[in-house]
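Quick note: the coordinates plus some simple rules give every number you see, no bench work behind them. Since this is a predicted model, take the numbers as computed values, not measurements. Note that each Cβ is placed from the backbone with ideal geometry, even for glycine, and that neighbours are counted across all protein chains shown.
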Amino acid sequence: MTQVLYITGAGVSAESGIPTFRGEDGYWTIGSKNYTPQQMATRAMYEHNPGQFLQWYYHRFVTYRHHGPNPVHHWLADKTLITQNIDGLDGKAGNPDYIAIHGRLDEVTYYHQQGEEVARFKAPWDEVDESALEASLLALFKIGRSGPKLNESLKPYVLLFDEYYTELYQISRAQRLMQNADKMVFMGTSFSVNITNMALEIARSNDIAIEIVDPQPAHVLHARSHYHRMTAQQYIETYGAVDT
């Protein structure tokens, strides 16, 4: 049986009403009054200005926490899947074992040194008092005036720009899935993050066929590439009965 690995990006969740990263209202297009998104979504910002970080994170991500999966997520529910998305919609759609390589919106960890083992648990978003947003977030995340404390304060379970892939994000398992794949299907991703570049390099080295599903696909240097210039929804409507 052909081992197909699906690797998804923000385009897959767009039809659930969640902005893509680089669109007009994208996550990385809208920053804060004083900082760009690339400055906001960093461990340094969390450590040195946690109030700003948590408010920005809350407005840009947490407000979408109750959105539901779309037909693409449901179609992927029984597939081998690595997603760059943190929205958790693949879990809501019933995929029991997918890899959220950049973390999950609905979980937090203790603030810890990268690479250390740490537990994940439910995020306290529903307890936030929006009338006093910053103070409420800081209290819920156990962050005092001196900033986050190791192994005491909470941190969103999300990989930030100045962090690296660790076992917390199942990086070794993700690499094994890539190595063992007979084909990779990239859906709704711009190939602008490390995990897609890693997968592409493995595909080249192992001569693995890839498919790229996107209305405006990024062109990659790989001889065994096939492009589907369509949305993920159109792709499953066209090829959904079989793995192409």
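The relative contact order of the range 42-131, computed from alpha carbon pairs under 8 Å that lie at least 6 residues apart in sequence, is 20 percent. Each Lys and Arg adds +1 at its Cβ and each Asp and Glu adds -1 at its Cβ; summed about the Cα centre, the chain shows a dipole of about 300 debye.
In this structure the amide hydrogen of T80, modeled in the peptide plane, comes within under 5 Å of the amide hydrogens of Y6, none closer than 5 places in sequence on its chain. One equal scatterer on each Cα of the range 34-174, no solvent, Debye formula: the resulting log10 I(q)/I(0) at q = 0.11, 0.13 Å⁻¹ is -0.41, -0.58. Ordering L137, G94, N70 by the projection of their Cα atoms onto the charge dipole of the chain, which places +1 on the Cβ of Lys and Arg and -1 on the Cβ of Asp and Glu, puts L137 at the extreme positive end.
Working note: Cα gyration tensor of the chain, eigenvalues times five, square-rooted, sorted largest first, giving semi-axes of 33, 19, 16 Å.
Taking the helices alone, the chain has a mean residue ellipticity at 222 nm of -7500 deg cm²/dmol, built from -39,500 (n - 2.57) per DSSP H run of at least 4 residues and averaged over all its residues. In the range 4-239, the DSSP beta bridges split such that about 30 percent are antiparallel, to the nearest 5. Report the normalised scattering of the range 90-138 as log10 I(q)/I(0) at q = 0.29 Å⁻¹, calculated by the Debye formula with identical scatterers on the alpha carbons. For the requested q values the scattering log ratios are -1.14.
For the pair the range 132-172 and the range 76-110, the centres of their Cα atoms are 19 angstrom apart.
Taken along the Cα-to-beta-carbon direction at a fixed 7 Å, the label points for E152 and E116 span 1.3 nm.
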